[in-house]
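Visitor: Before anything else, here's the structure in question.
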Amino acid sequence: MSMQAYRLFADGPRFDDVEEPTPQSGEVIIKIAGAGACHSDLHAIDYIANPKSFFTPPFTLGHENTGWVHAMGAGVTTLRIGEPVAIYGAWGCGTCSACVIGAESYCHHQATMRGGGLGFDGGMAAYMRVPAARYCIPLGDLEPRDAAPLSDAGLTPYHAIKRSLQLLTPDATVVVIGIGGLGHMAIQMLHTLCAARIIAVDVAADKLLLAAKLGADETLLAGDEVRERFFALTNKQRADVVLDFVGAQSTIDFGRRVVRPNGDLSIVGLGGGGLLFAQGKVPWGARVSTPFYGTINELREVIALAARGRIHAHVTRFALADAPKAYEAMREGTLEGRAVICPNGVEST
Ligand code: NAD
Ligand code: ZN
Ligand code: ZN
């Protein structure tokens, strides 16, 4: 049987017919409920023709997935058919010291990023192959379509926040740059995990309104003199933690200038900006890092946070045929939160 898939080719994304996957030993086939459209897909689309692209096309897009267990290969015993799950998206070797603690995004044997929708076939099709049952995390009673963003737009900021949690004391200030898919989850997580003062920064006023609604204490429109406006707001105090969900040159420059000595600057966004990291170029003792995804257990924790009602992805559902419209809206900045592609129907069943 064949199915329609939204695939990235060397000359860009388009729909194509592919064979429905069948499970080999140890594999799980998921009937997709939701596949989130991530800004990383736009970077991949824009960069795919470059010989230095991480990925070898073609492959089906969608690396932020949820669905129902549809079929299981020999040896899979921990799941049941029909069970709703989120799919952990960073697939490592499974045996190195990072992978055995579930930190597969930091697999020691990974020459390049890989995962469904990131080089291998992802969730923008009715069915998706997952190579191991350990990547399928039960969703419980959460609505599977609306839970799709948890597996990346939820997991990635959660991981970045946890790395800095010891600095996020009640007298601390945290800056969140970019209130899109990842950033709108980050604000909610910070609001529930700590009592630090949250300052949200974005180029779009509507994104800042959302940030304020979700728990930001203050908001700042990016642009001219944003640094001066930041210091006016904080009475010249720097931030303990900066989470940059854009990673453009302007946001990295801003983060470097507002983070305090011994503070944390996490550059999560892949916006192509850079930083000269040396003595005298960043505040003394500042830790600059480039977190990537999170661990399998952290995905369980993110799902638990959602199940307890502490975080909620703002989602617009799209039919598979409308996947190009979802990416267009993301590029134009007209989405609130996340676009989720629903290949097996947009209505909850
Ligand atoms: P998005 O398009 O949903 O949101 C981006 C937000 O940033 C928007 O609200 C936009 O208005 C805002 N923005 C754009 N330029 C800005 C600027 N100069 N200053 C302030 N705000 C600005 O994107 P997303 O899906 O949330 O992804 C964010 C970034 O994170 C992307 O670069 C993506 O590739 C990257 N990402 C990284 C990881 C990782 O593991 N490191 C995982 C997922 C996504
Ligand atoms: Zn992503
Ligand atoms: Zn590994």
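Visitor: Could you state the accessible area per residue of the range 122-260 in Å², with a 1.4 Å probe and every protein chain left in place?
Guide: 37 Å²
Visitor: OK, next. So for Trp68, Trp91, what's the accessible-area order with a 1.4 Å probe, most first?
Guide: Result of the area sort, largest leading: Trp68, Trp91.
Visitor: What translational D, rounded to a whole number of µm²/s, comes out for the chain from Stokes-Einstein when the hydrodynamic radius is the Kirkwood one over Cα pairs, at 10 °C and 1.306 mPa s?
Guide: Result for D is 78 µm²/s.
Visitor: Tell me which residues come under 5 Å, amide H to amide H, from Thr316 once H is placed; ignore anything under 5 positions away on its chain.
Guide: Arg338, Ala339, Val340
Visitor: Continuing with this model, one more query. Over the chain, what relative contact order in percent results from Cα pairs under 8 Å that are six or more residues apart?
Guide: About 18 percent, as a whole number.
Visitor: Please get the size of the charge dipole for the range 179-294, origin at its Cα centre, with Cβ charges of +1 on Lys and Arg and -1 on Asp and Glu, quoted in debye to the nearest 20.
Guide: So the dipole magnitude of the range 179-294 works out to roughly 320 debye.
Visitor: Now, a different point. Can you tell me which aspartates and glutamates have their Cα less than 18 Å from the Cα of Lys52? Leave out same-chain residues fewer than eight positions away.
Guide: Answer for Lys52, where 18 Å is the Cα cut-off: Asp11, Asp41, listed by chain and number.
Visitor: Here's another thing I want to ask about it. I want the local charge near Pro324. Using Cβ-Cβ distances under 11 Å, sum +1 for each Lys or Arg and -1 for each Asp or Glu among the other residues.
Guide: Spelling it out: positives minus negatives among the neighbours equals +1.
Visitor: Specify the longest stretch of the chain that does not include any exposed loop site, a site being one of the trypsin sites (Lys or Arg not before Pro) with a non-H, G, I, E, B DSSP assignment and at most 15 other Cβ atoms within 10 Å.
Guide: No qualifying site falls inside 81-235, the longest such stretch.
Visitor: Identify, among Val302, His312, Ala222, the residue whose Cα sits farthest towards the positive end of the charge dipole of the range 201-325, taking +1 on the Cβ of Lys and Arg and -1 on the Cβ of Asp and Glu, with the dipole about the Cα centre.
Guide: Val302
Visitor: Now, a different point. I need the phi-derived Karplus couplings for the range 270-285: 6.51 cos²θ - 1.76 cosθ + 1.60, θ = phi - 60°, integer Hz, Gly and Pro marked x.
Guide: After applying 6.51 cos²θ - 1.76 cosθ + 1.60, I find 9, x, x, x, x, 8, 7, 9, 6, 4, x, 9, 10, x, 3, x Hz.
Visitor: As a test, work out the antiparallel percent of DSSP beta bridges whose residues both lie in the chain, rounded to the nearest 5.
Guide: 55 percent
Visitor: With +1 assigned to the C-beta of every Lys and Arg and -1 to the C-beta of every Asp and Glu, and no other charges, what is the dipole magnitude of the chain about the Cα centre in debye, to the nearest 20?
Guide: My answer is approximately 920 debye.
Visitor: Could you grab the relative contact order for the range 13-128? Cα pairs under 8 Å, six or more apart, rounded to a whole percent.
Guide: Relative contact order here is 33 percent.
Visitor: For Val346, what accessible surface area do you get with a 1.4 Å probe? Give it in Å², rounded to 10.
Guide: Rounded to the nearest 10, the figure is 50 Å².
Visitor: I've got another one for you. What lysines could a cross-link reach from Lys207, if we take a straight Cα to Cα line under 23 Å and drop same-chain neighbours fewer than 8 places away?
Guide: Cα-Cα hits under 23 Å: Lys325.
Visitor: Go through the range 337-343 residue by residue and turn each phi into a ³J(HN,Hα) via Karplus (6.51, -1.76, 1.60, θ = phi - 60°); whole Hz please, and just put x for glycine and proline.
Guide: x, 10, 8, 10, 8, 10, x
Visitor: May I ask you to give the percent of accessible area on the chain that is carbon plus sulfur, with a probe radius of 1.4 Å?
Guide: 52 percent
Visitor: To continue, here is another question. So for the range 171-221, averaging the separation of alpha carbon pairs under 8 Å that are six or more residues apart and normalising by length, what relative contact order in percent results?
Guide: Result for the range 171-221 is 39 percent.
Visitor: Placing +1 on the Cβ of each Lys and Arg and -1 on the Cβ of each Asp and Glu in the range 1-120, which of Gly119, Tyr88, Tyr106 has its Cα farthest towards the positive end of the resulting dipole?
Guide: Tyr106
Visitor: What angle, in degrees between 0 and 90 and rounded to the nearest 10, separates the Cα long axis of helix 249-258 from the longest principal axis of the Cα atoms of the chain?
Guide: Between helix and principal axis, roughly 50 degrees.
Visitor: Heavy atoms only, 1.4 Å probe, whole protein assembly: order Phe9, Phe54 by accessible area, highest first.
Guide: Largest accessible area first, the residues go Phe54, Phe9.
Visitor: Counting only heavy atoms of protein chains, what accessible area per residue, in Å², does the range 1-61 have with a probe of 1.4 Å?
Guide: 48 Å²
The values are calculated or read from the model by the stated rules, or taken from the named source; none is laboratory data. Quick caveat: nothing in here was measured; it's all calculated off a predicted structure. Every residue, glycine as well, gets a Cβ built from its backbone with ideal geometry; the counts of neighbours run over all protein chains shown. Surface areas here come from the heavy atoms of the whole protein model, side chains and all, with no ligands, DNA or RNA. Shrake-Rupley method; radii C 1.70, N 1.55, O 1.52, S 1.80 Å.
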